[in-house]
Amino acid sequence: MINTALLDKLAWLSFASVQAPISGIVLRFPGLGTTGMKSDPDPYDLEWGQSGALTVLAYQDPWGWMNSGTLQFIDDLVDAIRERHQLAPEVPLISTGGSMGGHAALLYTMKTRHRVAACMALWPVCDIPFHYTERVDLPRTFHHAYGSYGDISAQLREHSPLHHPEALPDIPYLFVHGDKDQAVGKAAHSDKLVAALRERGRQVEYIERPLLGHGGPMDYPTTRRIAEFVTSHLKRPK
């Protein structure tokens, strides 16, 4: 349990940018190695805030890979946010992120004790066992995350969305991935998970961009769809 008085020490919240009654909590999971503390809203925070979205960037383990400790921390953080801002259960929770944050958005949706209304995964890591081999900088982060410097093959599979598509809930998903991504290969990750989810009848929108690398450059239609996807799943006032 998190004391609500500590919230602003444990996460950045966009409360100052919310221009309407809170219509949703938008979790924005960071990429691998993110250690900085956010100080100002970005254009997405500002646009979503005009529609009442409270965006949240948790100060989590930068090599966490949504391990059990990270999952518990985020779940407790959501509880504390709902308590402090007196949010009704029907105020939606939206899970978003890019790269490792995209993996976190997906795995959190799969493992959380909360109900997630929609999930947006940008250039996400979907196949954890493969990703362990994809770059030389990655194995150390997985061994750290899963608490062992021995064989972690079972933990990699357990935390791999691609290996458990049936466990991802039946909610709307938006995936964005580019052909020029050299850090998280589109064909090995999003292409496979999107196909697996569609085979199971999930609601999946997939934006594929031939010139997009790992996070950029993004064209205007893609940036607009990212903004609109989140806005469309906020709770409208009656």
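The values are calculated or read from the model by the stated rules, or taken from the named source; none is laboratory data. All of these numbers come straight from a predicted model, not from anything done at the bench. Positions of Cβ are backbone-derived with ideal geometry, glycine not excepted, and every protein chain shown enters the neighbour counts. The protein model used for the area step is the full one, side chains on, heavy atoms only, and it has no ligands, DNA or RNA in it. Shrake-Rupley method; radii C 1.70, N 1.55, O 1.52, S 1.80 Å.
Of the residues 15, 73, the single one that is closer than 30 Å to residue 165 by Cα, among the aromatic types (Phe, Trp, Tyr) and open to solvent by 20 Å² or more (accessible area, probe 1.4 Å) is 73. Within the stretch 97-118, being within 18 Å of residue 49 (Cα to Cα) and surrounded by fewer than 24 Cβ atoms within 10 Å (Cβ to Cβ) holds for 117, 118.
Out of curiosity, is residue 193 touching a helix residue (DSSP H, G or I) at 6+ places or on another chain (Cβ under 7 Å), buried (at least 18 other Cβ atoms within 10 Å of the Cβ) and under 22 Å from residue 132 (Cβ atoms)? Taking the combined requirement at face value, the residue satisfies it.
Of the helices (runs of 4 or more DSSP H) lying entirely inside the stretch 1-92, the ones with 2 or more residues being touching a helix residue (DSSP H, G or I) at 6+ places or on another chain (Cβ under 9 Å), under 22 Å from residue 108 (Cα atoms) and among the acidic types (Asp, Glu) are found at 68-84.
Which ones in the stretch 161-182 are under 13 Å from residue 214 (Cβ atoms) and open to solvent by 20 Å² or more (accessible area, probe 1.4 Å)? Within the stretch 161-182, 179, 180, 182 qualify.
Rundown of residues vs (1) acidic (Asp, Glu); (2) touching a Leu at 6+ places or on another chain (Cβ under 6 Å), yes/no style:
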site	(1), (2)
9	no, no
12	no, yes
24	no, yes
40	yes, no
46	no, no
62	no, no
65	no, no
72	no, no
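The selection criterion, being over 11 Å from the mean Cα position of the chain (by Cα), aromatic (Phe, Trp, Tyr) and closer than 28 Å to residue 1 by Cα, does not hold for residue 130.
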